[in-house]
1. Can you pull out every residue in segment 100-142 that is part of a loop (DSSP other than H, G, I, E, B), modelled with pLDDT of 80 or more and surrounded by fewer than 20 Cβ atoms within 10 Å (Cβ to Cβ)?
2. Among the residues of segment 286-303, which ones are in contact with a helix residue (DSSP H, G or I) (Cβ under 6 Å, 6 or more places away or on another chain) and either within 18 Å of Q144 (Cα to Cα) or among the β-branched types (V, I, T) (or both)?
3. If I ask for residues that are within 23 Å of V6 (Cβ to Cβ), under 18 Å from the mean Cα position of the chain (by Cα) and not small (G, A, S), which ones from segment 140-161 would you list?
4. Check whether at least one residue in segment 87-95 is outside any helix (DSSP H, G or I), more than 30 Å from E230 (Cα to Cα) and free of Cβ contacts under 8 Å to residues at least 12 places away in the same chain, and report yes or no.
5. Just need a number here: residues in segment 19-44 that are touching a residue at least 40 places away in the same chain (Cβ under 8 Å), of a type in the set (S, T, Y) and farther than 16 Å from V101 by Cα.
6. Considering only residues that are crowded, with 16+ Cβ neighbours inside 10 Å and under 16 Å from K264 (Cα atoms), which ones fall in segment 186-218?
7. Which numbered condition trips up I29, out of (1) assigned to a loop (DSSP other than H, G, I, E, B); (2) under 24 Å from F71 (Cβ atoms)?
8. Under 7 Å between Cβ atoms, which residue pairs at least 6 apart in sequence (or on different chains) link something in segment 127-147 that is within 15 Å of P93 (Cα to Cα) with a partner that is of a type in the set (D, E, K, R)?
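The values are calculated or read from the model by the stated rules, or taken from the named source; none is laboratory data. Computed from a predicted structure; not experimentally measured. Cβ atoms come from the backbone with ideal geometry, glycine included; neighbour counts cover every protein chain shown.
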Amino acid sequence: MKIGFVAEPYEESHASGMGYVVLEFIKNIAAQSAGDELVVYSTKPVNRELLPGPFTNILIPKGFVKQFFYFLRFSKQVDALLFIAPLLPLWLPRHTKAVLVCQELASQNITPKGLRDRTRSFLRDNILMPVCVARASKIIAASQSTQRDILKFYRVPVGKVQVIYDGFQDLSRFKDVAAPIDETMRPYFFFAGKVKYRKNVHGIVAAFIALKKRRPSAVKLIIAGDYGGEYHASMLQALEEAGFAQDVFFIGYVTSEKLYSLYKYATGFVFPSINEGFGMPPVEAMSLGVPVLTSKISSMAEVAGDAALLVDPFSVEEISDAMEKILFDDTVRTDLIHKGYERAKKFSWPLAASECLALLRGL
């Protein structure tokens, strides 16, 4: 069959979130699509060195209006077309089977702040998504949690939504080249992700302060991910007032090689996010033998299973207590490391691509 993939957003470097999901899906579908034709639609040329196997790259215009008219005139170029929620195409000819890839429904679970964000969320969630959901022949959800949200908010038939778990970034390939973390930074708890409210970085910082006050130690906290604005400033102020500013490091976006070292040398990985569609970072940590603390809500409990300490993300006390267990209880650490290795084996991008191709061939 002829398979189309709308690669928006397409990112090769500094990829995170949906950009990373798009890149990994394309790479692994291309690697397994023997006998099928793959057509990648993108606003900029796709790097052919990143994708194994043959594929056709068709450039589409930039901008909402131009893309709308492009896909409105879409001819039968492919049998099935994968696209990311809630991006274009909104309308397609009926002979093209559209498959919507949905990672999460964040703003339905977390009320956006500010007029601009509320307006953007309204347009996305109440105008674009209903059209995309209705038009799709099938919907791929990144977790059972995302599947439940789709069924709840858009009232589609259960059989229309199939769960295909994400994979995760295999960082072990950097084992022989990654530099160790400086001894002066260790021991440390680690968080990876954008510094924003949904990720509950404020909860991590508050729990770290509570831990340091309750059980004085040399442990530090390293936060890797883009940061800035009032949200970041409020945490810096809290750390200054508590006297622990020198123990917390906001280091911004890091390369995959650096990320490997940050995981590998961490005492524990903390990820008590408020909402996730899947949650790749905890699985990345597990795959490298790092004890994990994550949320008992959304998709994280589903993905982590019994291989992580699960906490209420809204309880600073629970997060802090779990950090204390990881830091001081060797039995807990050993158990989490062993279970984490096994849990991580259940997820991979080749498996996700294989399940996706099976879905497409069954349309």
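1. S137
2. Listed by number, the residues that qualify are V290, V292, T294, S298, S299, E302.
3. Taking segment 140-161 as the starting set, the residues that turn out to be within 23 Å of V6 (Cβ to Cβ) are 140-143, 146-147, 149-150, 153-154, 156, 160-161.
Filter once more, so that each one left must be under 18 Å from the mean Cα position of the chain (by Cα): 140-143, 146-147, 149-150.
Once the filter is applied, which keeps residues that are within 23 Å of V6 (Cβ to Cβ), under 18 Å from the mean Cα position of the chain (by Cα) and not small (G, A, S), segment 140-161 yields I140, T146, Q147, D149, I150.
4. Yes, segment 87-95 contains a residue that is outside any helix (DSSP H, G or I), more than 30 Å from E230 (Cα to Cα) and free of Cβ contacts under 8 Å to residues at least 12 places away in the same chain.
5. Total satisfying the criteria: 1.
6. Answer for segment 186-218, where residues must be crowded, with 16+ Cβ neighbours inside 10 Å and under 16 Å from K264 (Cα atoms): Y188, F189, F190, F191, A192.
7. (1)
8. Taking only residues 6 or more apart or on different chains, the pairs are S137/K97.
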